[in-house]
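For reference, the structure discussed in these notes is given below.
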Amino acid sequence: MYVLECRVLPIEYVQWFDTQAIVAMTFASLGFLSTSFAFLIFMKYNTTPVVKSSTKELCYIILAGMTLSHASVFAILAKPSPLSCALTRFLPGLSFAMIYAALLTKTNRIARILAGSKKRFPTRKPMFMSAGAQVVITLFLIAIEVFISGSMLHYQASDIKYVYLNQKTLLECNTTPESIVTPLSFDFFLILLCTLYAVKTRNVPENFNEAKFIGFAMYTTCVIWIAFVPIYFGSDSKVITMSMCVTLSAMVTWIFLFIPKLYIVIFQPEKNNRALFTTTKIRCHIGSRVASAISEKSSTNSWRDSSTSIKEIEKCNKDFVPQKRTLSCQTGSELLQVLLNPKTLMEACSPIHNSYVPRITERDCCEADNCQVKNITIKLPDNPIHF
């Protein structure tokens, strides 16, 4: 005689006290603490050159994205439900968009600044260089990710499913590969663009070294994401894989982008000054008389990286009259030494220079508060010099 009995299989899902879940939550908690620490330091030293030179508005967006990334880990590890499954699909993509959209805007700005500084005679300022414009561009890119994620949630509503095995029943989110890949594909596109700009700006001056740290972060992030795809779709621990990928991506960006700044602010405050965050190469447009002086200077002291648009620089004589000519130069400490003592620029043309002091004006080449490219104009009197 056979007795048939129906037994209810135990329903299993990732628990908070599982070893893998504890490891993921530990990393997420450390991420919370580190992000909060960086946010507090940036708020305290909000007006210092280190914070201002890094476009603090975008840094705050990046920190908010990191916080959201670590918070999404707890949503991923939560018991599957329509709400937790929806947050699992929405929060990681949004947090990555906040991080990498801001990084893309920063690297694009640096690339455009350097491209403009290479022009011999820049005709106009680069567009959308102010902090407000950078924030608007970043928010626009984030809005694209929100639209993609929201559309996927509308197209494939979040739900749960039961996977029946011989000895147990698994409770999982009813998600398809498309619902996971589609929101993250735009984030991966942002990562590729950030990496491309990081490669283009790898040979920047020392005071633009933030681009180098962004490059290190992007290279490491690409490795994490490339390893994530086969591991996620090829293993049964999709929840833990997604959690670790999300929190590691955020922590890598924090390590490479914020630790150098925090180290200077906390341990090397003497380096937290404007001089170290201003480019040592200056582009200036000056009158023909100063151009003659600099040209004579170049024949003896080897002025490097200088270029002139004057066909033939006239020699100084009694009948000399300044003309509307310019000379574009891009030098280092030698030019700065001459600019600090403008009277030396007159000595090549006239021994009587006390009454003819050139007027030097300096302005930023962009509208941002932390503009790192300066435009120095030297204007001489239009009256001819009488010997």
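Computed quantities for the displayed model
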{"read-out": "Matching residues, region 140-161, being surrounded by fewer than 14 Cβ atoms within 10 Å (Cβ to Cβ), hydrophobic (A, V, I, L, M, F, W, C) and more than 23 Å from Val239 (Cβ to Cβ)", "value": "Phe140, Ala143, Phe147"}
{"read-out": "Tally, over region 205-250, of residues that are closer than 17 Å to Cys194 by Cα and in a helix (DSSP H, G or I)", "value": "20"}
{"read-out": "Matching residues, region 80-97, being in a helix (DSSP H, G or I), of a type outside the set (S, T, N, Q) and over 31 Å from the mean Cα position of the chain (by Cα)", "value": "Pro82, Leu83, Cys85"}
{"read-out": "Pairs, first on the phi < 0 side of the Ramachandran plot in region 132-150, second crowded, with 19+ Cβ neighbours inside 10 Å and not in a helix (DSSP H, G or I), C-beta under 7 Å, six or more apart", "value": "Gln134/Thr55"}
{"read-out": "Checking Glu145 against (1) among the acidic types (Asp, Glu); (2) at pLDDT below 90; (3) over 28 Å from Val8 (Cβ atoms), the condition it does not meet", "value": "(2)"}
{"read-out": "Counted residues, region 162-180 - those being without any contact (Cβ under 8 Å) to a residue 24 or more places away in the chain and either open to solvent by less than 70 Å² (accessible area, probe 1.4 Å) or touching a His at 6+ places or on another chain (Cβ under 6 Å) (or both)", "value": "2"}
{"read-out": "Residue ranges of helices (runs of 4 or more DSSP H) in region 1-79 with at least 1 members open to solvent by 60 Å² or more (accessible area, probe 1.4 Å) and free of Cβ contacts under 8 Å to residues at least 24 places away in the same chain", "value": "19-44"}
{"read-out": "Complete set of residues in region 140-186 that are in a helix (DSSP H, G or I) and of a type in the set (Val, Ile, Thr)", "value": "Ile142, Ile144, Val146, Ile148, Ile180, Val181, Thr182"}
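The values are calculated or read from the model by the stated rules, or taken from the named source; none is laboratory data. All values reported here derive from a predicted model rather than from experimental measurement. No Cβ is skipped: glycine too gets one built from the backbone with ideal geometry, and neighbour counts run over all protein chains shown. To get the accessible areas, we keep the full protein, side chains included, count just its heavy atoms, and leave off ligands, DNA and RNA. Shrake-Rupley method; radii C 1.70, N 1.55, O 1.52, S 1.80 Å.
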